[in-house]
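Data block below; observations after.
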Amino acid sequence: MGLSAADLNAGLDALAAREPAFAAALERVGYPAPRIRARGYATLLRTIVGQQVSVKAADAVWRKLEVLGDPTDPAIVAALDDDSLRACGFSRQKTGYARSLADEVLSGRLDLDDLPADDEEAIAQLVRVKGIGRWSAEVYLLFAEGRPDIWPAGDLAVQIETGRILGHPERPSEKLTRDLAEPWRPYRGAAAIFTWHHYGAGADAAPV
């Protein structure tokens, strides 16, 4: 499971002690709520279902899939034909992605109960699945496994809010966002969750 409230808050307190700008931002907007997802196949399938569609549309697809069987079981997707998946709302591309995920899990090539302890090695295994890029892999490891030092520097909101928190006049690049967070190890996962919280706070998060 993802980072607990206690672990998240402890990580943010440690970051605030290191970085005055972070401490000021934490005082402005407060602690974020934990972001926790279930470990395993269903969470990754939901990630695929939710790509480039609204939450409402993704929920509708999921409900239709549930009518056909237990969507937490990769054998269900493997057994359904393309027409059945399209009737649920899967595009041709997402049908391929869903089948790739089911195949990786059913074959044992991807064991979601025993991913490598090294974050980069775990990401490398996850991105073998068609439709799971680095960002999706990082978010899975952060939300579903609670890995404390995941830093999705390619995320636009993470870039924007890292820049805002640190007082940069422009949004930092992905490389600079990654570099700026180096001193935040091993609490970059908490920092990422905080940047999304800071982004959601909008004008209330603006430094004064």
Would you mind classifying the range 21-121 by shape? Square roots of the alpha carbon gyration tensor eigenvalues, ordered a ≥ b ≥ c; an a/c under 1.5 is rounded, otherwise it is prolate if a/b is larger than b/c and oblate if not. oblate
Do the sum for the chain: with -39,500 (n - 2.57) for every DSSP H run of n ≥ 4, divided by all residues, what is the mean residue ellipticity at 222 nm, to the nearest 500 deg cm²/dmol? -18000 deg cm²/dmol
Could you rank the peptides 189-198, 151-160 by their average count of other C-beta atoms within 10 Å per residue, with the highest value first? 189-198, 151-160
For the range 111-172, rounded, prolate or oblate, judged on the Cα gyration tensor with a ≥ b ≥ c (square roots of eigenvalues), a/c < 1.5 rounded, else prolate if a/b > b/c? prolate
Expressed per residue, the solvent accessible area of the range 29-99 in Å² (1.4 Å probe) is about 55 Å²
Highest average packing first - 24-35, 139-150, Cβ atoms within 10 Å: 139-150, 24-35
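GluC sites (Glu not before Pro) within the range 148-181: which are DSSP loop residues with at most 11 other Cβ atoms inside 10 Å? Intermediate values should be presented prior to the final figure.
Values: sites: Glu161, Glu170, Glu174; in loops: Glu170.
Here the sparse-neighbourhood loop sites are Glu170.
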Give the lysines whose C-alpha is closer than 19 Å to that of Lys94, dropping any in the same chain fewer than 8 places away, or say none. Lys56, Lys64, Lys130
Can you tell which of Leu106, Ala117, Trp135 lies farthest toward the positive end of the dipole of the range 99-205, using +1 and -1 charges on the Cβ of basic and acidic side chains (Lys, Arg; Asp, Glu)? Trp135
Taking the Cα atoms of the chain, what is the range of coordinates along each of the three principal axes, in descending order and whole Å? 56, 34, 30
Prolate/oblate/rounded call for the range 51-97, Cα gyration tensor, a/c under 1.5 rounded: oblate
Summarise the accessible area of the chain (1.4 Å probe, protein heavy atoms) by the percent that is carbon and sulfur. 53 percent
Once phi for every residue in the range 182-197 is put through the Karplus expression 6.51 cos²θ - 1.76 cosθ + 1.60 (θ = phi - 60°), the whole-Hz ³J(HN,Hα) values, with Gly and Pro written as x, are 4, x, 8, 4, x, 10, 5, x, 4, 4, 4, 4, 5, 4, 5, 5
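The values are calculated or read from the model by the stated rules, or taken from the named source; none is laboratory data. No experiment lies behind these values; they were computed from the predicted model shown. So basically every Cβ, Gly included, is an ideal-geometry build from the backbone, and we count neighbours across all protein chains shown. Just so you know, the surface numbers come from the protein's heavy atoms only, side chains and all, with ligands and any DNA or RNA stripped out. Shrake-Rupley method; radii C 1.70, N 1.55, O 1.52, S 1.80 Å.
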